[in-house]
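Here's the structure we're looking at; comments come further down.
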Amino acid sequence: MGRRRGYAAIVVLTLGLGIGAITAVFSIVDAVLLRLLPYRDPSRLVAVWLRNTHETGTSKLFDSLRDFRAFKRARSFAQTAVATWAVGGRVLRGYGPAQEILALPVSETFLGLLGVAPAMGRAFAAEDLKRGCSVVVSDQMWRGALAADRAIVGKSITLGDRPCSVLGVMPRSFEFYPTAAQAWILLTPDFSPPPEKIPLGIFARLRDGVSIEQAEAEVSTIHAALNKSDGEERDMAPMVRDLHGEFTFLAEARLRATLWILLAAVSFVLLIVCLNVANLMAGQAYARERELAVWAALGSGRGRLARQLLTEGLLLASGGGAAGLAVAFAAIRLFRAMAPVEMPPGADVQMSWPALLFAGVISLATAALFSALPAWRASRVDAIGSLRVGRGGASAAPQRTMRALIGAEAALSLVLLAAAGLLMQSALRMGSEPLGFERSGLVTARVSLPAERYPTPESRARFYERTLAALGDRAALSTSLPPYLLPSAAVRIAGVESSGSRYTGEQSVSPGYFRTMGERLARGREFTERDGASSEPVVIVNEALARRDFGNLDAIGRRIALGDASAANPWLTVVGVVADEKRLGGFDRVGWAAAPMAFRPIVQDPQWSASIVARGTGAGVRPAVASVDQTLAVCEVETMDARLGRTMAYPRFRAALLSAFAVFAVLLAAIGLYGTLGQFVAQRTPEIGVRMAMGARPADVLGLIARQAMVPLAGGVALGLAGTWALGRALASLLFGVRTGDPPTLAGAAFVLVMAGMAAAVIPARRAARVDPMTALRNE
């Protein structure tokens with residue numbers, strides 16, 4: 001190795017990149033999927049959601065306070081708690097400029113359920129339910145917004161319009177979903193909005209010996225008995241899920257599949273590295289066959305010769321492992337600094353002991369893998385035959401094994417290229433998909449109304465009317481904006497017997513919303529100022545709802561109701577039909593869908609929070625809101641492109657990482673082919689000299705080298721195309737707008753691989769074509 005420092009450096013660097021890449025990806029897999037949540041006995045923690053029995057897909061719905069009170073009696077649960085991020089925005093005052101923080105309403109049992117104590121102060125207690133507003137803050141909020149006030153416990157801070165007593169400060173490592181939460185506020189009977197109207201997430205700890213399936217069966221029985229007379233609730237059913245898996249799902253619905261696919265892809269890369277190094281070592285062993293024959297003639301047995309090459313392989317792998325750890329540390333630091341995607345709570349990506357152990361095991365495994373072939377070859381050396389053939393003995397070594405290794409590298413590289421191509425196409429098509437509105441030049445913002453100051457629908461409607469007047473004609477209000485999920489409501493049609501299976505997205509908008517968004521009005525009219533709080537309740541539906549519920553009939557003038565039959569859900573007259581607006585389907589962040597949607601005037605259904613959408617720079621949004629109520633904080637001011645761009649984080653992350661692996665794999669395959677052809681030319685220089693002396697032209701020699709390159713490449717392409725079938729099944733759930741067996745993608749991947757192989761063959765082919773016959777024969 002000392003005499004062949006260049007060869008050793010190439011092997012160590014190649015191994016280091018492969019081992020480093022797989023160790024970094026394993027560190028992410030370990031943090032997200034394998035490491036337990038940082039709570040007490042986390043394997044017993046579960047989440048309880050509702051699902052619509054008439055809908056398929058990944059949507060999960062919040063529960064109600066009524067459900068929580070009923071599920072608390074379930075014998076399957078040792079402890080229960082609620083938390084919700086549906087109404088988390090609160091404005092903090094008194095510590096610099098007013099700023100909105102994400103404060104999650106939780107029950108008094110929340111922290112006790114998780115088994116995490118505050119670093120300062122105490123957790124919630126039952127007696128706090130009678131003491132007004134109480135809050136526990138995160139370490140981030142304490143260090144930032146509260147200026148690391150060490151006397152903060154027991155002090156009062158203003159959240160919204162209410163003074164809240166700070167009970168404690170959580171440890172720096174504590175996280176719950178969503179990770180952006182900065183405080184947890186106690187859900188008291190006098191909470192605003194009323195707890196009965198807040199959608200809640202129910203979390204519980206299973207009793208010892210109780211399975212998730214048993215708990216789900218029990219709460220399903222409780223829910224059915226509780227809602228047997230409620231038509232809308234009868235369409236719902238509870239489901240119990242492992243909390244760790246739910247956190248992963250909430251961060252990204254297909255995060256688990258993404259990480260396993262990336263780990264498989266980087267394993268392919270490491271396998272290609274091993275094949276490449278094995279090829280290099282095999283070439284070195286062929287070149288050293290005479291040396292090994294001398295050792296054998298002097299008494300070295302087969303085991304001794306094999307151990308010699310295995311020892312060399314182990315030393316190279318040790319160097320590669322050390323280099324791999326350096327690469328992995330750098331990659332993890334870069335990942336943490338860039339934060340390209342949202343990680344689930346508790347997923348702290350770092351070089352942990354499992355990752356270090358994994359790197360060590362991988363280094364030993366790679367040493368055994370790439371040393372096996374040269375060691376086996378050395379153990380079978382024929383001392384007498386190798387010494388008899390003289391200098392040309394090494395040149396007679398067969399090249400079939402080396403070409404087979406190149407073919408295997410090419411097959412794996414093609415699979416990675418095809419996967420990267422599919423994911424890149426999917427990300428590009430998802431990013432450029434027409435969504436039914438004009439996203440360019442659109443600015444969005446959000447404002448939340450304190451329930452204490454705006455307790456009634458009338459007060460909220462007045463605020464929205466005055467804000468619209470201040471914003472002008474190029475802006476509008478909406479309770480929801482793309483790309484996120486709309487609240488779902490059952491649809492009842494006047495004169496039609498309900499089947500209980502019609503659901504629609506529900507959104508409240510101001511006059512001018514469709515014009516501001518650039519959406520096409522298909523029929524009827526938009527909302528106007530005459531559609532006030534005291535006027536006839538009206539609704540605009542999209543084309544998807546009109547097709548589903550009215551078919552070929554004209555929807556204009558028909559009457560529908562959203563929700564169950566009650567005074568709170570009046571009959572609404574359809575006054576317009578608007579073109580479909582595509583959104584993400586539930587928690588699915590892979591594709592867009594034009595789901596049925598119903599739009600109501602915002603003053604007829606005023607909520608406590610609304611989004612502002614405006615054309616232009618958005619500079620006038622904050623002054624307009626301040627002119628109506630200067631105590632309100634305008635948050636999340638951003639362009640629509642930036643808002644939509646966040647949904648592309650995971651698709652782009654998958655495509656970018658897999659593309660990097662594919663490029664690395666193709667580069668390794670090309671280097672391996674270059675080395676194999678170089679050895680072929682060096683070993684067969686006398687034969688090439690004879691051919692040229694007998695009249696072969698340089699073009700004939702070039703054809704010989706091209707055939708040597710194309711045979712393993714063609715075999716690799718054939719195997720790789722077969723492998724893409726299995727790959728397509730794994731990638732199907734991650735693709736949008738492209739088929740798994742897309743012919744142009746597969747053809748493009750094969751073309752790139754063949755071109756890389758031919759580029760690798762250029763230098764050896766030119767060297768062979770320039771062989772001087774007389775010099776070659778004289779040296780022989």
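Remarks
- Per the conditions (1) open to solvent by 60 Å² or more (accessible area, probe 1.4 Å); (2) in contact with a Pro (Cβ under 6 Å, 6 or more places away or on another chain); (3) not acidic (Asp, Glu), the sole criterion not satisfied by Leu721 is (2).
- Of the candidates Arg515, Arg523, the single residue that is in contact (Cβ under 8 Å) with a residue 40 or more places away in the chain, closer than 30 Å to Arg439 by Cα and surrounded by fewer than 20 Cβ atoms within 10 Å (Cβ to Cβ) is Arg523.
- All of Glu458, Glu519 fail the test of being part of a helix (DSSP H, G or I) and more than 20 Å from Ala86 (Cα to Cα), apart from Glu458.
- The requirement of being outside any helix (DSSP H, G or I), in contact (Cβ under 8 Å) with a residue 12 or more places away in the chain and small (Gly, Ala, Ser) is satisfied by Gly737.
- Beta carbons closer than 6 Å, at least 6 apart along the sequence or on distinct chains, pair a first residue in the stretch 605-620 that is open to solvent by 20 Å² or more (accessible area, probe 1.4 Å) with a second that is of a type outside the set (A, V, I, L, M) and assigned to a strand (DSSP E or B) for Asp605/Ser508; Ser609/Ser448.
Conditions (1) part of a helix (DSSP H, G or I); (2) under 30 Å from Gly645 (Cβ atoms), marked per residue:
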{"site": "Ala306", "(1), (2)": "yes, no"}
{"site": "Gly313", "(1), (2)": "yes, no"}
{"site": "Gly321", "(1), (2)": "yes, no"}
{"site": "Leu325", "(1), (2)": "yes, no"}
{"site": "Ala331", "(1), (2)": "yes, yes"}
{"site": "Val341", "(1), (2)": "no, yes"}
{"site": "Val349", "(1), (2)": "no, yes"}
{"site": "Pro354", "(1), (2)": "yes, no"}
{"site": "Phe358", "(1), (2)": "yes, no"}
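- Residues being part of a strand (DSSP E or B) and either open to solvent by less than 10 Å² (accessible area, probe 1.4 Å) or modelled with pLDDT of 85 or more (or both) - total across the stretch 486-497: 4
- The residue that is modelled with the lowest pLDDT, among those in the stretch 218-232 that are in contact with a Lys or Arg (Cβ under 8 Å, 6 or more places away or on another chain) and either in a loop (DSSP other than H, G, I, E, B) or among the polar types (S, T, N, Q) (or both), is Lys228.
- Residue count for the stretch 192-217, restricted to those that are surrounded by 18 or more Cβ atoms within 10 Å (Cβ to Cβ) and of a type outside the set (Val, Ile, Thr): 10
- Strands (runs of 3 or more DSSP E) fully within the stretch 66-178 that include at least 3 residues being open to solvent by 60 Å² or more (accessible area, probe 1.4 Å): none found.
- From the list Leu572, Leu673, the lone residue that is closer than 30 Å to Val25 by Cβ, in contact with a Pro (Cβ under 8 Å, 6 or more places away or on another chain) and surrounded by 18 or more Cβ atoms within 10 Å (Cβ to Cβ) is Leu673.
- Across the stretch 354-369, the qualifying residues are those that are open to solvent by 30 Å² or more (accessible area, probe 1.4 Å) and not aliphatic (A, V, I, L, M), and the one among them that is farthest from Val269 (Cα to Cα) is Pro354.
- Answer residue from the stretch 532-544, given it is farther than 17 Å from Ile560 by Cα and touching a residue at least 24 places away in the same chain (Cβ under 8 Å) and is least open to solvent (accessible area, probe 1.4 Å) among those: Gly532
- Meets criteria (modelled with pLDDT under 90, on the phi > 0 side of the Ramachandran plot and open to solvent by less than 40 Å² (accessible area, probe 1.4 Å)) for Gly500: yes
- Applying the criterion of being in a helix (DSSP H, G or I) and touching a helix residue (DSSP H, G or I) at 6+ places or on another chain (Cβ under 9 Å) to the residues of the stretch 233-246, the residue that is nearest to Ser64 (Cα to Cα) is Glu233.
- Any hit, the stretch 291-301, residues being of a type outside the set (Gly, Ala, Ser), in a helix (DSSP H, G or I) and modelled with pLDDT of 80 or more: no
- Of all residue pairs spaced 6 or more apart or on separate chains, those with beta-carbon atoms under 8 Å, a first member in the stretch 138-152 that is farther than 16 Å from Val91 by Cα and a second member that is of a type in the set (Val, Ile, Thr) are Asp139/Val169; Ile152/Val137; Ile152/Val166; Ile152/Val169.
- The stretch 453-465 - residue that is charged (D, E, K, R) and open to solvent by 60 Å² or more (accessible area, probe 1.4 Å) and, of those, nearest to Ala475 (Cα to Cα): Glu465
- Of all residues in the stretch 650-691 being modelled with pLDDT under 85 and aromatic (Phe, Trp, Tyr), the one that is farthest from Gln708 (Cα to Cα): Tyr674
- Of all residues in the stretch 307-353 being small (Gly, Ala, Ser), open to solvent by less than 50 Å² (accessible area, probe 1.4 Å) and within 18 Å of Ala367 (Cβ to Cβ), the one that is modelled with the lowest pLDDT: Gly313
- Condition met for Met648 (surrounded by fewer than 17 Cβ atoms within 10 Å (Cβ to Cβ), of a type in the set (A, V, I, L, M, F, W, C) and in contact (Cβ under 8 Å) with a residue 24 or more places away in the chain): yes
- Top-ranked residue in the stretch 426-439 [being closer than 30 Å to Leu468 by Cα and out of contact with any Gly (no Cβ under 8 Å at 6 or more places or on another chain); ranked as most open to solvent (accessible area, probe 1.4 Å)]: Pro434
- Exclusive hit being at pLDDT 90 or above, open to solvent by less than 20 Å² (accessible area, probe 1.4 Å), under 29 Å from the mean Cα position of the chain (by Cα) and within 28 Å of Leu753 (Cα to Cα), set Leu423, Leu442, Leu412: Leu423
- Matching residues, the stretch 626-645, being surrounded by fewer than 18 Cβ atoms within 10 Å (Cβ to Cβ), at negative phi and of a type outside the set (A, V, I, L, M, F, W, C): Ser627, Asp629, Gln630, Thr631, Glu638, Thr639, Asp641, Gly645
The values are calculated or read from the model by the stated rules, or taken from the named source; none is laboratory data. The model shown is predicted, which means the values in this text are computed figures rather than measured ones. Please note: Cβ atoms are built from the backbone with ideal geometry, for glycine as well, and neighbour counts cover all protein chains shown. SASA here: full protein model, heavy atoms, side chains in, ligands and nucleic acids out. Shrake-Rupley method; radii C 1.70, N 1.55, O 1.52, S 1.80 Å.
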